[in-house]
Amino acid sequence: MSETDRRTSSSPTDSRSEKREEKRSPFQNEPTGAGNQWLLFLWLTLGIFLVFNYFDAAEQQSQVELTYSEFLDAVDAGHIAEVTLHGQDVEGSFSEAGREAREAEEVETFETIRPDVESTRLLERLETNGIEIAARPVDPPWWQRMLMGVLPWVLFLGLLFWFWNRMQQRAMSGGGGIFSMGKSKARQVRSEDSKVRLDDVAGSENAKQDVIEVIDFLKHPQRFRALGAKIPRGLLLMGPPGTGKTLMAKAVAGEAEVPFFNISGSEFIEMFVGVGASRVRDMFQKAKEQSPSVIFIDELDSIGRSRGTGMGGGHDEREQTLNQILAEMDGFEEGESVVVLAATNRPDVLDSALLRPGRFDRKITLENPHRDARREIMEVHTRKMPLSDDVDLERLAEMTTGFSGADLANLANEAALLAGRREQKEVDWKCFSDARDRLLLGEAKDVGLSNEERHLVAYHESGHALLAYLLPHADPLEKMSVLPRGRSLGVTAQVPDEDRYNYQESYLRDRLTVMFGGRLAESVVFEETSSGAEDDLQQATQLARRMVARWGMNQRVGPMMCAQSQDHLFLGKEMAQQREHSEETANLVDEEIRGLLQEVEEHGRELLKQHRKALDALASALEKHETLDAEKIHEILHKNTA
């Protein structure tokens, strides 16, 4: 179907929507039927009021109101036949003589009000004249009785009408409620409202190539069907958090100009069994009705875990939801152009039925961007920012090794916030540099270090920097600081000159040596060490264990893996696994790790002793200026190591 055909076919729906809008009544934006119900309710209430008022008026026409003196005179004259007392009100009927005396008025009953002091004397007077006396409790006025009897029902019926109309509106708009619990919670983005394009997804060129043919199929399905081609039913986007999986899915829908249904995997699950499967059916039904369309399920692993493994629990509702997704992805008709995109950073736990051909048979991996990609991403996120002339995005890309797309977006936003707080009209390089330090090194803390502590921290950081300068395979220095940041009392920042995907043993040994630099400087200068090297020791031990037990960089252990844990593919964490080597081998691994650490430590100690003059000069400058950039560090060390 061409673009013109789609627009033409959608026009009746648009006209129906306009007609529905025209039929809105003025009753709080309720539908027309609801407005008629409220009008009927108001007319009914008015009718009840008029009926009560009519009977009350008719009753008052046949009754005369007497003063209390006239009433007493009528009692003494024998014109009263009976009297009814209720509170201070006195009602009664005239006797035959009384009616004859008031023949011109044609009344049979009367009413009056007695004073409180006349209660006892009035009873005696009535008994003396032989008048029949009756009494009844004091009743409220008729309007009070009507309110007490009718008002609760009015409120109940009004609340019922309001609740029913609200539920109908929410059901029509796709909202929640007990009447729409089985409806899909997917948020639909219309084709004309989707503004994201592939140009907005910078740094993912390989992933773009994989989705371009899907976009072409959604735009021109007949061209591919004529050649006997079938569109991939499902595309699984895999990668670490923040690499742009959701943004890529939105770009596919935006480029194809088709409706986009967005939902998280956890939104299918409720405490009622069967609700998740019902929502899956409803979502796929809506997508098929608006074909061609795109369905995007974020965090697929929340419902797509392997069944029967015990991981994540054996919740029947989750498995029924997964089974329904599998059934729906198999149930597409020949002419339905619906593409299902899903994102996860845990592809290893997904059920194998999801990954077979015909379902999510195409897998696209999005990794953290390389240097050129980071520059392109920063260009996208700084498009609308007034940048100063000193901002170098190429240099910024070099300083942000390991940043994901989301990290870079956050960096640009933090820089803009800093510029706003500093009341600048442009975002300059210092804003980006400070924002990068804040994200990477932590927030600067206002900690009042004593002179002795500052002296110790200056030598600690100078030890790291001096070894990084002397060792040939270490990463280049960027800056040093004795200002506390995050959990650290000082910082020595190194920036790789290129992205590394493979590490040589020489580079790793130099990296271990730099890690020990702070502790060694304290030992050489003060002849004792402090607790400030805790994080350095932890990282050095973990790296040495990988070198010996996983990467075969030890002659005694040999080319074998002896690791007791494994890195998670995307999360960067370790998961425990059963040990597959002997206790003797484990002891050997521990010995070699200790030996490796002692070897690099001794090498670093000798270097610091040989260049003690440079160490003292760098520590003195750092203690004086608090922060040194790369140029100043190299100037000091070059002068004192020549």
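Some points to look at:
- Checking HIS464, HIS455 one by one, the residue that is part of a helix (DSSP H, G or I) and in contact with a strand residue (DSSP E or B) (Cβ under 6 Å, 6 or more places away or on another chain) is HIS464 and no other.
- Screening the stretch 217-291 for helices (runs of 4 or more DSSP H) wholly inside it with 2 or more residues that are among the charged types (D, E, K, R) and either within 30 Å of PHE403 (Cβ to Cβ) or in contact with a His (Cβ under 9 Å, 6 or more places away or on another chain) (or both) returns the ranges 245-256.
- Restricted to the stretch 394-407, and to residues there that are touching a Lys or Arg at 6+ places or on another chain (Cβ under 7 Å) and crowded, with 16+ Cβ neighbours inside 10 Å, the residue that is nearest to PRO369 (Cα to Cα) is PHE403.
- Extreme residue, nearest to the chain's Cα centre (by Cα), among residues of the stretch 229-253 that are at pLDDT below 80 and over 16 Å from LEU300 (Cβ atoms): ALA253
- Test: SER450 is of a type in the set (S, T, N, Q) and touching a strand residue (DSSP E or B) at 6+ places or on another chain (Cβ under 9 Å): no
- Every test in (1) in the same structural domain as LYS609 (by TED's automatic domain parsing); (2) under 26 Å from GLU414 (Cβ atoms); (3) of a type in the set (D, E, K, R) is passed by ARG436 save one, and that test is (1).
- Across the stretch 472-513, the number of residues qualifying as farther than 24 Å from ARG395 by Cβ and aliphatic (A, V, I, L, M) comes to 4.
- For the stretch 480-502, filtering for residues that are surrounded by fewer than 21 Cβ atoms within 10 Å (Cβ to Cβ), in contact (Cβ under 8 Å) with a residue 12 or more places away in the chain and among the hydroxyl-bearing types (Ser, Thr, Tyr) leaves 1.
- Test result for LEU467, under 21 Å from HIS611 (Cα atoms), in contact with a Ser or Thr (Cβ under 6 Å, 6 or more places away or on another chain) and surrounded by 14 or more Cβ atoms within 10 Å (Cβ to Cβ): yes
- Any hit, the stretch 432-444, residues being assigned to a helix (DSSP H, G or I) and among the hydroxyl-bearing types (Ser, Thr, Tyr): yes
- Residues of the stretch 74-114 satisfying the condition of being surrounded by fewer than 17 Cβ atoms within 10 Å (Cβ to Cβ), touching a Phe, Trp or Tyr at 6+ places or on another chain (Cβ under 8 Å) and polar (S, T, N, Q): THR109
The values are calculated or read from the model by the stated rules, or taken from the named source; none is laboratory data. If you're wondering where the values come from, they're calculated on a predicted model, not measured in any experiment. Because the Cβ atoms are built from the backbone with ideal geometry, glycine has one as well, and the counts that use them run over all protein chains shown.
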